[in-house]
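Here the structure comes first, spelled out in C-alpha coordinates, and everything after it is commentary.
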Amino acid sequence: MTRLHPRSTILPFVLVVGLVWASAASANPFRDLQARAEAVVTVRFVLKVQMPGVDREVDNEVACLVIGADGLVLCSQTDLGGYIGIMARIVGRAEQPISSQPREVKVLLGDDRNGGLAARLVAQDRDRDLAWLLIDEPPENLPHVDLNEVADLSVGDRAYQLRRLDDYFGREPVVSEMVIGAVTDKPRRLLVPSRPLEGYLGSPVFTADGKLVGLTVVQVPSEGEGAPMMSSARTLPGQASKLDDMIGGVILPAADIVRATALAREMHAADEADAVE
(Lines give C-alpha, C1' and ligand atoms only; values in the text may rest on other atoms or scores of the structure.)
Protein backbone atom coordinates (compact mmCIF):
# COMPACT_ATOMS: atom_id res chain seq x y z
CA MET A 1 0.00 0.00 0.00
CA THR A 2 1.29 3.41 -0.97
CA ARG A 3 1.42 5.84 1.90
CA LEU A 4 0.55 9.39 0.92
CA HIS A 5 2.67 12.12 2.38
CA PRO A 6 0.54 14.68 4.26
CA ARG A 7 1.81 17.40 1.93
CA SER A 8 0.63 15.48 -1.12
CA THR A 9 -2.96 15.60 0.17
CA ILE A 10 -2.90 19.12 1.53
CA LEU A 11 -1.38 20.79 -1.55
CA PRO A 12 -4.26 19.94 -3.98
CA PHE A 13 -6.76 21.09 -1.36
CA VAL A 14 -4.92 24.38 -0.92
CA LEU A 15 -4.79 24.89 -4.70
CA VAL A 16 -8.54 24.27 -5.06
CA VAL A 17 -9.37 26.64 -2.21
CA GLY A 18 -7.06 29.24 -3.71
CA LEU A 19 -8.72 28.98 -7.13
CA VAL A 20 -12.20 29.29 -5.59
CA TRP A 21 -11.11 32.32 -3.55
CA ALA A 22 -9.53 33.98 -6.60
CA SER A 23 -12.67 33.38 -8.64
CA ALA A 24 -14.87 34.84 -5.91
CA ALA A 25 -12.56 37.82 -5.57
CA SER A 26 -12.73 38.60 -9.30
CA ALA A 27 -16.54 38.18 -9.50
CA ASN A 28 -17.72 41.28 -7.66
CA PRO A 29 -21.12 42.35 -9.05
CA PHE A 30 -21.10 45.63 -7.11
CA ARG A 31 -17.84 46.63 -8.78
CA ASP A 32 -18.47 45.00 -12.15
CA LEU A 33 -21.91 46.57 -12.61
CA GLN A 34 -20.43 50.03 -12.17
CA ALA A 35 -19.35 49.72 -15.81
CA ARG A 36 -23.01 49.48 -16.81
CA ALA A 37 -23.65 52.89 -15.28
CA GLU A 38 -22.52 54.60 -18.50
CA ALA A 39 -25.87 53.58 -19.99
CA VAL A 40 -27.82 55.06 -17.05
CA VAL A 41 -28.40 58.68 -18.02
CA THR A 42 -30.02 61.75 -16.50
CA VAL A 43 -32.90 63.23 -18.47
CA ARG A 44 -33.61 66.91 -17.83
CA PHE A 45 -36.85 68.41 -19.08
CA VAL A 46 -39.54 71.00 -18.48
CA LEU A 47 -42.91 69.48 -17.58
CA LYS A 48 -45.85 71.56 -18.71
CA VAL A 49 -48.79 70.83 -16.41
CA GLN A 50 -52.34 71.97 -17.09
CA MET A 51 -55.27 71.28 -14.79
CA PRO A 52 -58.09 73.24 -13.17
CA GLY A 53 -56.46 76.18 -11.42
CA VAL A 54 -52.94 75.12 -12.41
CA ASP A 55 -51.02 76.07 -15.55
CA ARG A 56 -47.31 75.98 -14.98
CA GLU A 57 -43.98 74.60 -16.10
CA VAL A 58 -41.82 72.58 -13.71
CA ASP A 59 -38.12 71.76 -14.16
CA ASN A 60 -37.46 68.07 -13.68
CA GLU A 61 -34.69 65.47 -13.78
CA VAL A 62 -35.11 61.69 -13.93
CA ALA A 63 -32.93 58.63 -14.53
CA CYS A 64 -33.38 56.65 -17.74
CA LEU A 65 -31.60 53.85 -19.61
CA VAL A 66 -30.01 53.98 -23.07
CA ILE A 67 -31.04 50.82 -24.94
CA GLY A 68 -29.86 51.53 -28.48
CA ALA A 69 -26.75 52.81 -30.24
CA ASP A 70 -29.13 54.93 -32.32
CA GLY A 71 -29.97 56.99 -29.23
CA LEU A 72 -33.11 55.19 -28.03
CA VAL A 73 -33.65 55.86 -24.32
CA LEU A 74 -36.08 54.00 -22.06
CA CYS A 75 -37.78 55.78 -19.13
CA SER A 76 -40.61 55.29 -16.69
CA GLN A 77 -43.63 57.01 -18.24
CA THR A 78 -44.66 58.07 -14.74
CA ASP A 79 -41.34 59.86 -14.26
CA LEU A 80 -41.87 61.83 -17.48
CA GLY A 81 -45.11 63.29 -16.14
CA GLY A 82 -47.45 60.33 -16.04
CA TYR A 83 -47.83 60.76 -12.28
CA ILE A 84 -50.23 63.62 -13.00
CA GLY A 85 -52.76 61.18 -14.47
CA ILE A 86 -52.11 58.65 -11.70
CA MET A 87 -52.86 61.18 -8.98
CA ALA A 88 -56.02 62.28 -10.76
CA ARG A 89 -57.32 58.71 -10.95
CA ILE A 90 -56.48 57.93 -7.34
CA VAL A 91 -58.15 61.02 -5.89
CA GLY A 92 -61.17 60.64 -8.16
CA ARG A 93 -60.70 63.69 -10.34
CA ALA A 94 -60.17 61.96 -13.67
CA GLU A 95 -63.26 63.66 -15.11
CA GLN A 96 -61.52 67.04 -14.92
CA PRO A 97 -59.17 68.03 -17.75
CA ILE A 98 -55.57 67.29 -16.75
CA SER A 99 -52.58 67.07 -19.02
CA SER A 100 -48.80 67.00 -18.75
CA GLN A 101 -46.19 67.06 -21.48
CA PRO A 102 -42.37 66.92 -21.25
CA ARG A 103 -40.67 69.70 -23.21
CA GLU A 104 -37.09 70.84 -23.87
CA VAL A 105 -35.82 67.31 -23.24
CA LYS A 106 -32.06 66.89 -22.76
CA VAL A 107 -30.14 63.67 -22.13
CA LEU A 108 -27.07 64.10 -19.90
CA LEU A 109 -24.39 61.43 -20.14
CA GLY A 110 -22.33 60.56 -17.07
CA ASP A 111 -21.72 63.54 -14.81
CA ASP A 112 -22.63 66.15 -17.44
CA ARG A 113 -24.46 68.97 -15.64
CA ASN A 114 -24.79 71.64 -18.29
CA GLY A 115 -25.02 70.66 -21.94
CA GLY A 116 -27.00 67.54 -22.67
CA LEU A 117 -28.16 66.03 -25.95
CA ALA A 118 -31.48 67.15 -27.38
CA ALA A 119 -34.08 64.37 -27.48
CA ARG A 120 -37.80 63.94 -28.09
CA LEU A 121 -40.56 61.67 -26.85
CA VAL A 122 -41.39 59.12 -29.56
CA ALA A 123 -43.61 56.49 -27.87
CA GLN A 124 -45.40 55.64 -24.63
CA ASP A 125 -46.95 52.55 -23.06
CA ARG A 126 -49.00 53.65 -20.06
CA ASP A 127 -50.02 50.10 -19.09
CA ARG A 128 -46.40 49.07 -18.68
CA ASP A 129 -45.25 52.49 -17.48
CA LEU A 130 -42.72 52.84 -20.29
CA ALA A 131 -41.74 55.80 -22.43
CA TRP A 132 -39.13 56.01 -25.18
CA LEU A 133 -37.02 59.04 -26.05
CA LEU A 134 -34.82 59.38 -29.10
CA ILE A 135 -31.65 61.48 -29.05
CA ASP A 136 -31.61 63.74 -32.11
CA GLU A 137 -27.88 63.44 -32.75
CA PRO A 138 -26.46 60.52 -30.75
CA PRO A 139 -22.66 60.42 -30.40
CA GLU A 140 -20.61 57.60 -31.85
CA ASN A 141 -20.10 54.59 -29.59
CA LEU A 142 -22.99 55.65 -27.35
CA PRO A 143 -22.94 53.40 -24.25
CA HIS A 144 -26.11 51.32 -24.11
CA VAL A 145 -27.58 48.13 -22.72
CA ASP A 146 -27.93 45.30 -25.25
CA LEU A 147 -31.51 44.00 -25.23
CA ASN A 148 -30.22 40.73 -26.67
CA GLU A 149 -28.58 40.01 -23.31
CA VAL A 150 -31.46 39.59 -20.87
CA ALA A 151 -32.34 37.21 -18.06
CA ASP A 152 -35.55 35.90 -16.49
CA LEU A 153 -35.48 35.39 -12.74
CA SER A 154 -37.61 33.43 -10.28
CA VAL A 155 -38.43 33.65 -6.58
CA GLY A 156 -35.29 33.53 -4.48
CA ASP A 157 -32.93 34.72 -7.21
CA ARG A 158 -30.63 37.65 -6.49
CA ALA A 159 -30.57 40.78 -8.61
CA TYR A 160 -28.93 44.20 -8.57
CA GLN A 161 -30.52 47.60 -9.08
CA LEU A 162 -28.34 50.28 -10.71
CA ARG A 163 -29.17 53.93 -10.15
CA ARG A 164 -27.46 57.30 -9.93
CA LEU A 165 -27.33 59.75 -7.08
CA ASP A 166 -28.41 63.30 -7.86
CA ASP A 167 -26.24 66.22 -8.89
CA TYR A 168 -25.41 67.12 -5.28
CA PHE A 169 -23.50 63.81 -4.97
CA GLY A 170 -21.92 64.05 -8.41
CA ARG A 171 -24.35 61.60 -10.01
CA GLU A 172 -22.32 58.69 -8.67
CA PRO A 173 -23.72 55.26 -9.65
CA VAL A 174 -25.02 53.05 -6.85
CA VAL A 175 -25.60 49.29 -6.94
CA SER A 176 -28.19 47.79 -4.55
CA GLU A 177 -28.65 44.06 -4.02
CA MET A 178 -32.10 42.48 -3.78
CA VAL A 179 -33.84 39.12 -3.72
CA ILE A 180 -36.91 38.37 -5.84
CA GLY A 181 -39.68 37.72 -3.32
CA ALA A 182 -42.62 37.06 -5.65
CA VAL A 183 -43.57 36.79 -9.31
CA THR A 184 -47.03 37.93 -10.39
CA ASP A 185 -49.21 36.82 -13.29
CA LYS A 186 -51.66 39.73 -12.98
CA PRO A 187 -51.96 42.28 -14.42
CA ARG A 188 -48.89 40.83 -16.16
CA ARG A 189 -45.67 39.09 -15.21
CA LEU A 190 -43.88 41.29 -12.68
CA LEU A 191 -40.97 40.65 -10.34
CA VAL A 192 -41.53 41.85 -6.79
CA PRO A 193 -38.44 42.30 -4.59
CA SER A 194 -38.58 40.98 -1.04
CA ARG A 195 -38.10 44.54 0.26
CA PRO A 196 -38.96 47.89 -1.36
CA LEU A 197 -36.46 49.26 -3.81
CA GLU A 198 -34.64 52.52 -3.25
CA GLY A 199 -37.24 54.57 -5.11
CA TYR A 200 -35.92 55.77 -8.44
CA LEU A 201 -38.38 54.71 -11.10
CA GLY A 202 -36.85 53.81 -14.44
CA SER A 203 -33.70 52.31 -12.94
CA PRO A 204 -32.49 49.03 -14.48
CA VAL A 205 -32.04 45.75 -12.63
CA PHE A 206 -29.32 43.26 -13.62
CA THR A 207 -28.04 39.81 -12.79
CA ALA A 208 -24.59 39.48 -11.22
CA ASP A 209 -23.09 38.84 -14.67
CA GLY A 210 -24.62 41.98 -16.18
CA LYS A 211 -27.70 40.70 -17.99
CA LEU A 212 -30.74 42.97 -17.91
CA VAL A 213 -33.51 41.66 -15.64
CA GLY A 214 -35.95 44.54 -16.05
CA LEU A 215 -36.88 48.11 -15.20
CA THR A 216 -38.48 49.52 -12.05
CA VAL A 217 -41.98 50.76 -12.88
CA VAL A 218 -45.35 51.75 -11.47
CA GLN A 219 -48.39 49.55 -12.04
CA VAL A 220 -51.68 51.39 -11.64
CA PRO A 221 -54.96 49.44 -11.82
CA SER A 222 -58.15 50.76 -13.33
CA GLU A 223 -60.49 52.54 -10.95
CA GLY A 224 -61.88 50.18 -8.32
CA GLU A 225 -59.34 47.41 -8.95
CA GLY A 226 -57.10 48.10 -5.99
CA ALA A 227 -54.16 50.20 -4.85
CA PRO A 228 -51.33 51.01 -7.24
CA MET A 229 -47.99 49.22 -7.03
CA MET A 230 -45.22 51.78 -7.15
CA SER A 231 -41.79 52.53 -5.81
CA SER A 232 -42.48 56.24 -5.50
CA ALA A 233 -44.76 58.99 -6.72
CA ARG A 234 -44.04 62.67 -7.01
CA THR A 235 -45.99 65.48 -5.44
CA LEU A 236 -48.45 67.35 -7.60
CA PRO A 237 -47.36 70.94 -8.20
CA GLY A 238 -48.76 73.12 -5.45
CA GLN A 239 -49.58 70.23 -3.10
CA ALA A 240 -47.71 69.28 0.05
CA SER A 241 -48.72 65.61 0.27
CA LYS A 242 -47.61 62.69 -1.87
CA LEU A 243 -48.25 59.01 -2.41
CA ASP A 244 -45.11 57.21 -1.34
CA ASP A 245 -44.18 53.53 -1.27
CA MET A 246 -47.78 52.31 -1.17
CA ILE A 247 -46.85 48.72 -1.92
CA GLY A 248 -43.21 48.93 -2.97
CA GLY A 249 -41.35 48.75 -6.26
CA VAL A 250 -42.02 46.27 -9.03
CA ILE A 251 -39.81 45.21 -11.90
CA LEU A 252 -41.12 44.85 -15.43
CA PRO A 253 -39.23 41.85 -16.89
CA ALA A 254 -36.77 42.44 -19.71
CA ALA A 255 -38.62 40.07 -22.06
CA ASP A 256 -41.68 42.33 -21.87
CA ILE A 257 -39.47 45.38 -22.44
CA VAL A 258 -37.98 43.79 -25.56
CA ARG A 259 -41.42 43.15 -27.06
CA ALA A 260 -42.73 46.61 -26.13
CA THR A 261 -39.61 48.29 -27.54
CA ALA A 262 -39.97 46.49 -30.86
CA LEU A 263 -43.56 47.74 -31.09
CA ALA A 264 -42.49 51.26 -30.08
CA ARG A 265 -39.92 51.28 -32.88
CA GLU A 266 -42.56 50.18 -35.37
CA MET A 267 -44.95 52.89 -34.22
CA HIS A 268 -42.26 55.54 -34.45
CA ALA A 269 -41.28 54.42 -37.94
CA ALA A 270 -44.94 54.63 -39.02
CA ASP A 271 -45.25 58.12 -37.52
CA GLU A 272 -42.10 59.23 -39.37
CA ALA A 273 -43.44 57.84 -42.63
CA ASP A 274 -46.75 59.66 -42.14
CA ALA A 275 -44.90 62.90 -41.42
CA VAL A 276 -42.97 62.61 -44.69
CA GLU A 277 -46.18 62.11 -46.64
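The values are calculated or read from the model by the stated rules, or taken from the named source; none is laboratory data. Everything numeric here is computed off the predicted structure, so don't read it as measured data. Because the Cβ atoms are built from the backbone with ideal geometry, glycine has one as well, and the counts that use them run over all protein chains shown. Each accessible area value is taken on the protein alone, full model and side chains, heavy atoms only, with ligands, DNA and RNA left out. Shrake-Rupley method; radii C 1.70, N 1.55, O 1.52, S 1.80 Å.
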Quick one: net charge of Ile251's neighbours, Cβ under 12 Å, K/R +1, D/E -1? -1
Table column - 3J(HN,Hα) (Hz), segment 120-125, Karplus curve with 6.51, -1.76, 1.60, x for Gly and Pro: 9, 6, 10, 6, 9, 9
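Subtracting the Cα-Cα distance from 0.36 nm times the residue separation, let me have the gained length for Asp166 to Met267 in nm, one decimal.
Working: separation 101, 0.36 × 101 = 36.36 nm, distance 3.28 nm.
Going from the current span to full extension adds 33.1 nm.
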Per residue of segment 162-178, in order, report the coupling 6.51 cos²θ - 1.76 cosθ + 1.60 (Karplus, θ = phi - 60°) as ³J(HN,Hα) in whole Hz, putting x for Gly and Pro. 10, 9, 10, 6, 7, 4, 4, 9, x, 6, 5, x, 10, 10, 10, 8, 8
What is the local net charge at Glu104, summed over the other residues whose Cβ is closer than 14 Å to its Cβ (Lys, Arg +1; Asp, Glu -1)? +1
Run the quick spin-label model on Arg113 and Val179: label points 7 Å from Cα toward the beta carbon, then report their separation in nm to one decimal. 4.0
Ser194, Ser76, ranked by accessible area, largest first (probe 1.4 Å): Ser194, Ser76
State the extension gain, in nm to one decimal, for the chain segment bounded by Asp152 and Asp209, taking 0.36 nm per residue of separation less the distance between their alpha-carbons. 19.2 nm
Per-residue HN-Hα couplings for segment 27-36, Karplus 6.51 cos²θ - 1.76 cosθ + 1.60 at θ = phi - 60°, whole Hz, x for Gly and Pro? 8, 10, x, 5, 7, 5, 6, 4, 5, 6
Which far-off residues, 5 or more places away or on another chain, put their amide H under 5 Å from the one on Ile67, with H placed in the peptide plane? Leu72, Val73, Leu74, Val145
